[in-house]
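Structure first, then comments.
The values are calculated or read from the model by the stated rules, or taken from the named source; none is laboratory data. What you see is a predicted model, and the numbers here were worked out from it, not measured in a lab. Backbone-built Cβ (ideal geometry, glycine too); neighbour counts: all protein chains shown. Note: areas computed on protein heavy atoms with side chains; ligands, DNA, RNA excluded. Shrake-Rupley method; radii C 1.70, N 1.55, O 1.52, S 1.80 Å.
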Amino acid sequence: MEDLKQRIKQMIVDHLFLAVTPSKIGDDEPLMENYGVDSVALFELVVGLEEDFGVSMEDRDFSVDTFRTVNTIAKFVEANS
Amino acid sequence: MSVDAFFFADDLFGVWRGVASAQQVWVLAPPFGEEEKSARRTLTDIALAFQKRGESSLLFSFRGCGDSKGDFARVSLIDWRADLTNAIAEAKRRAPEAEIGLLGVRLGASLCLQVATAQNDVTELVLIEPLLSGRSFLSQQMMRQKIRAQMTGEASAEQQTATEWEDLDGWPLGPKMKSELQALDLMKQSFEVRARTRIFQVGPKTEVAPPLRALSEKLAASAEAIVMPPFWNLLDYSDAASLLRALSS
């Protein structure tokens with residue numbers, strides 16, 4: 001799970017072009033508030049999940065709540081990969 | 001060096017940069033809808049970079065888009081391919097001795113590829129993140145709308161009242177355009193392109209993704225990954241320096 005979270009943090013930094021070190025992102029840190037994740041950025045994370053983890057998100061699966069924190073994303077990836 | 005904003009072929013709005021004596025002229029084909037708005041600044045940066053090295057360009061909008069005339073809900077990809085052909089003719093008229101290059105972004109790139117097949121005199125073809133599959137583009141747009149709906153509390157796509165057309169980020173997607181986009185699949189089409197063809201992937205990855213790699217092999221084109229944000233999605237300005245450097249090679 002720790003490895004998965006690190007990969008997710010790397011994906012977030014890459015896809016959002018963030019100027020932070022992935023390890024600085026807290027597992028429960030609110031991504032939207034702390035990293036300014038808006039609807040455009042959120043779409044990039046959906047693309048990132050598909051490209052980097054092979055997890056394709058169908059319309060009906062999508063929930064903003066999935067992207068609240070690294071932990072919530074990790075749970076989704078684990079359940080769907 | 002002149003800059004001229006004008007209408008041509010009745011309905012199409014274009015911005016010409018350069019001189020009639022240029023040896024190279026580029027027709028710049030934008031994406032459509034919201035992507036066109038976001039890509040405008042980068043396409044202008046590209047036009048300015050071309051102008052700096054003595055090459056002319058015509059940046060235009062497809063009918064129903066930007067400042068071009070026409071009803072977006074009624075246009076089709078056939079119309080837009082005709083627009084691109086008209087833009088090539090206008091570029092040739094303005095720089096008669098120049099070699100013709102086509103540079104497109106997203107759907108503009110896909111249309112450039114289709115039109116270049118029928119144009120023997122296109123010598124350079126630059127495809128920036130071409131849409132390979134219209135169907136997956138449409139499903140991405142639906143996802144985008146769903147994301148926005150959940151984040152803002154606005155009506156989601158499936159809650160919208162059924163009409164003749166669907167809403168694509170505020171752009172009314174007519175049934176004809178929708179079915180043409182659903183049918184668009186560059187990997188299933190055959191192309192005979194004589195132009196030197198370069199494909200650019202734009203995004204966070206340093207390696208070209210397999211689908212674009214496959215297209216480059218199919219076209220015997222080069223493919224390069226440019227690490228920069230997908231500028232056609234962004235409201236903010238994104239520095240196009242890395243793309244401009246790649247284009248200059």
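Annotations
- Cα-Cα over 22 Å, subset of B:Lys69/B:Lys178; A:Lys9/B:Lys37; B:Lys176/B:Lys218; B:Lys52/B:Lys92: A:Lys9/B:Lys37; B:Lys176/B:Lys218
- Counting only Cβ charges, +1 for Lys and Arg and -1 for Asp and Glu, the dipole size of chain B around its Cα centre is about 460 debye.
- Amide hydrogen neighbours beyond the local backbone of B:Leu131, cut-off 5 Å, H modeled: B:Arg106, B:Leu107, B:Ala109, B:Ser110
- The contact residues of the stretch A:4-40, meaning those that lose at least 50 Å² of 1.4 Å-probe accessible area when all protein chains sit together rather than their chain alone, are A:Phe17, A:Ser39, A:Val40.
- Taking Cα centre as origin and charging only the Cβ of basic (Lys, Arg, +1) and acidic (Asp, Glu, -1) residues, the dipole magnitude of the stretch B:140-249 rounds to 500 debye.
- Accessible surface, chain B, averaged per residue in Å² (probe 1.4 Å): 43
- For chain B, the convex hull spanned by the alpha carbon atoms encloses 121 Å³ per residue.
- For chain B, excluding the exposed loop sites themselves (GluC sites (Glu not before Pro), DSSP loop, at most 12 other Cβ atoms within 10 Å), the longest remaining stretch covers B:1-96.
- Whole-number D in µm²/s for the protein assembly as shown (Stokes-Einstein; Kirkwood sum over Cα pairs; 4 °C, 1.567 mPa s): 62
- Within the accessible surface of chain B, defined with a 1.4 Å probe on protein heavy atoms only, the carbon and sulfur portion equals 50 percent.
- Rule-of-thumb Rg ratio for the stretch B:28-146 [Cα; 2.2 N^0.38 Å; N residues]: 1.06
- Binned Cα-Cα distances of chain A, short to long, each 5 Å bin given as a whole percent: 3, 16, 32, 30, 15, 4, 0
- Folded to 0 to 90 degrees: helix B:134-152 orientation relative to chain B principal axis, Cα: 60
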